[in-house]
1. As an exercise: evaluate A:M184 against (1) surrounded by fewer than 19 Cβ atoms within 10 Å (Cβ to Cβ); (2) assigned to a helix (DSSP H, G or I); (3) modelled with pLDDT under 90 and give the number of the one condition it does not meet.
2. Kindly indicate the residue of segment B:128-144 that is within 11 Å of chain A (Cβ to nearest Cβ) and touching a Pro at 6+ places or on another chain (Cβ under 8 Å) and also modelled with the highest pLDDT among those meeting that condition.
3. What's the number of the only condition in (1) at pLDDT 90 or above; (2) open to solvent by 60 Å² or more (accessible area, probe 1.4 Å) that A:K518 fails to meet?
4. Which of the residues that make up segment A:25-48 are more than 14 Å from chain B (Cβ to nearest Cβ), assigned to a helix (DSSP H, G or I) and either among the basic types (K, R) or more than 40 Å from the chain's Cα centre (by Cα) (or both)?
5. Does A:S269 meet the test of being open to solvent by 30 Å² or more (accessible area, probe 1.4 Å) and in a loop (DSSP other than H, G, I, E, B)?
6. Residues that are open to solvent by 70 Å² or more (accessible area, probe 1.4 Å) and more than 12 Å from chain A (Cβ to nearest Cβ): does segment B:158-174 have at least one?
7. Scan segment A:484-507 and tell me whether some residue there is within 41 Å of the chain's Cα centre (by Cα), among the small types (G, A, S) and closer than 23 Å to A:S586 by Cα.
8. Taking only pairs six or more apart or across chains, which ones have beta-carbon atoms under 8 Å, a first residue in segment A:253-266 that is closer than 10 Å to A:K381 by Cβ, and a second residue that is assigned to a helix (DSSP H, G or I) and open to solvent by less than 70 Å² (accessible area, probe 1.4 Å)?
Amino acid sequence: MPNWKTAIAKLHLSHLYVLAICLTGLGLFTMYNRGAFIHYTTPTWVWVYALSGAAVVLTVFTFQLPPQGNGLSLDSSVYLACIFVFGPAFSLTVLLVSSAMIFLIERKTIWWKHLINFAIYSVIIASASFTYAALGGVRGPLLDGHLSAYAGGMAVYFILNTMLIAFYYYVFYNENLYETLKGMLKDTIIAYLSTLVLALVLVILLYHNHIFGLALFLCLSVLLSYAFKRMFAMYRDIEERANRDLRTGLFNHSYFELTLEEEMRKSRSTGSSLSLAMIDIDDFKKYNDHFGHLKGDGLIVFLAELLKKECGSEEMVVSRYGGEEFTLLMPSYDTDQAKRFLDRLRKTLNNSHFEGAEIFPQGCLSFSSGIAGYRTDIHDKSELVDQADQALYYAKKQGKNMVHVYGHQSLLEQDIDFSQDVRDIEQQLNLFMYKDMETFKHSKRVFRYAVDISEVLSLDSLSKRQFTLGALIHDIGKLEIPWGILNKKEKLTPEEWEMVKWHVTWGKQMALMGDKFKDLAPYIELHHERYDGKGYPHGFKGEEIPRLCRMLTIIDSFDAMTTERPYQPTKSVEEAIVELRACAGSQFDPELTELFISYIESRQPRTTEAAV
Amino acid sequence: MVYDGIVLGLTVGLLRGGFRYGLTRFGSLRIRGGLWFPLLLLLQFVVFELNDRSSAFASFSGIFFAAVYVAGLYILWLNRRTPGFLFILGGVFLNFLVMAVNGGKMPVSLEAAKVLDPYYVHILQTGAVVTKHFLMDSATRLPFLGDIIPLSRPYPRTQVISVGDIVMNVGIFLYLQHILVPDRKRIRAQEMEAGQS
């Protein structure tokens, strides 16, 4: 509903703006011109033809400037020179004739845009003439005594032109006013300033060499425009090559990253929706293995062509993310719309014939897709990509050939998935029952602490899943340590101690083996890092260690302190808290330590009560 | 004046597009109803001749002129999809318009005619010999569409032309460019298609 209202407001604003500009423009035109052209003699008409012809040619030769492609035409120099040499009435006649010619030439442009353009120019020319006259400028040759008048006229021309056009874009294309202005100024100011100086040169030529002078000027500016045009075409060509994936002709990974950032920024400022879809061809490896890489490449190109065809009419950025993965950046699509679009796309692909498609388990070409919608609390583009990736992984896990929106599985489903994951990890931990019972029990206790802590920290479902599963799996690397060392009663030798330290790295490698627990690797690898950077394996320090890993370190140590072991003193909870506080800032993150301690303390009375 | 556009168009076109391409394209040039143009031109000359000889014919020569022009405009209209032809059509129409409202003759301004041979100016002033032109005065309608633009040094030819002539020549120039210069975008599209299949 609010969107509706802003849309109506925008509509009104743009109508009002057009109306105001047109009325002002036509009013100023009538005031300054008064139909003077009715009484022109034939030589004056020759001048009108010559100058409007020049203006038309220069408008036709509008060229673009890199990098944004802002258009610039040198016709302003003709109008300015007209103002200085012939005065406002004549300049406006030239404008009228050239606008009529352009209206006839560029018939594809809708009529009211021509009218707005005419009105904007009328306003600019009238105001610049007024300023020029007010500052003591006289029409005629270039006089060095009147420099301030020239400067004033040109300044007004420039400022009004920029403002009116920027506001036009603001009203019609809903662009940020400040950004548009900044962009226009940054790219075009030098070229624009040269237009102004060229106007003064044209004054001299016009006054002394008449039409011949104008012809010379025209030659020069047309050649310049042409050169700029060529340069821009070359620039675009090279840019295109840098941004495209060679095999498929889609955008490449780096271009995608750039646009993603840009689009996220746009969505943040305008509040419009933005969806990111990740597409992965199902069982591509199977196809590749069966038919060879050449055929596999053919399949990738086939999907790329389909994407190009289906998304070409929409404002989407389709890129090849890598291998058989593609991304669709969909501005102004919310996740539901994106899902509808992708499901349609998926069906189209299912229905298209491709050589060898029968070897797929689905019996046809298919892809799985994950969609993530942009929310304002997502600050980093990698977060959005991660979510889409998670959703894609989920879609694959559900049997492929489907589209899944991140966070759209039901709570029950999430719970089931979660308990499935927990069971999977416990299966692996069961080996510890034989090897080291303590580690088994320790892992399960740490897991329970982590579940509680994630409530305290009110983590979102994804972080909660990672944190708790990470806690459960964190010591998995110890499976690699020989029984004898794990169960040794005496003090470990330095060599043995080194080996124990390796468990974090081995554990990480185990997690990285499968897709499922890849994202838990940091918890396994970094749970022995210390806040002061004296931990292992990397010696990361402070914020370099992810926040939840720092939390895991605290839980891990706390549990180790308070666990009963035969023949060893056990710390009471109070003693452990003292110990934690003592190490806060060196071994532990002080803030998180306090958090954990308050959690333990709040839990403590409950357990004693229960014991009683 | 018709030649200027052709000469300029050919020169620039051949330079931009290359001689080989230009000449082959020139060979396969097609204009709808193209054969009618020389015929119409011939008709015009015939009318001139008859005009001089018989005064009876002169009375309805105006209508005849109009008919020839309208036929010419119609053929141009048939070709309107070809780039440049709308310009040619517009230019011819502007000339036709000013002649139509001035009794079938082209008004020439005295200021502009000063660049011409004084003898010719004299003929115009006295109206001694019947021509397609006449000297404009305050009674002339739409004077700004008449022959008011003087061409002289440094332009290689000395003549007086109308704004319609210029528009027509722009059209001829654009048409020749279209014929003689290969379209980069089209070629690239063709190459891409060829590369894919």
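The values are calculated or read from the model by the stated rules, or taken from the named source; none is laboratory data. Computed from a predicted model, the values in this text were never measured in an experiment. As a convention, Cβ positions derive from the backbone with ideal geometry for all residues, glycine included, and neighbour counts pool all protein chains shown. We work out accessible area using only protein heavy atoms, side chains counted, and drop any ligands, DNA or RNA first. Shrake-Rupley method; radii C 1.70, N 1.55, O 1.52, S 1.80 Å.
1. (1)
2. My answer is B:P143.
3. Against the list (1) at pLDDT 90 or above; (2) open to solvent by 60 Å² or more (accessible area, probe 1.4 Å), A:K518 comes up short only on (1).
4. A:L26, A:G27, A:L28, A:F29, A:T30, A:M31, A:Y32, A:N33
5. no
6. For segment B:158-174, residues open to solvent by 70 Å² or more (accessible area, probe 1.4 Å) and more than 12 Å from chain A (Cβ to nearest Cβ): present.
7. Checking segment A:484-507: not a single residue is within 41 Å of the chain's Cα centre (by Cα), among the small types (G, A, S) and closer than 23 Å to A:S586 by Cα.
8. A:E257/A:K381; A:L260/A:K381; A:L260/A:L384; A:L260/A:V385; A:E261/A:K381; A:M264/A:K381; A:M264/A:L384
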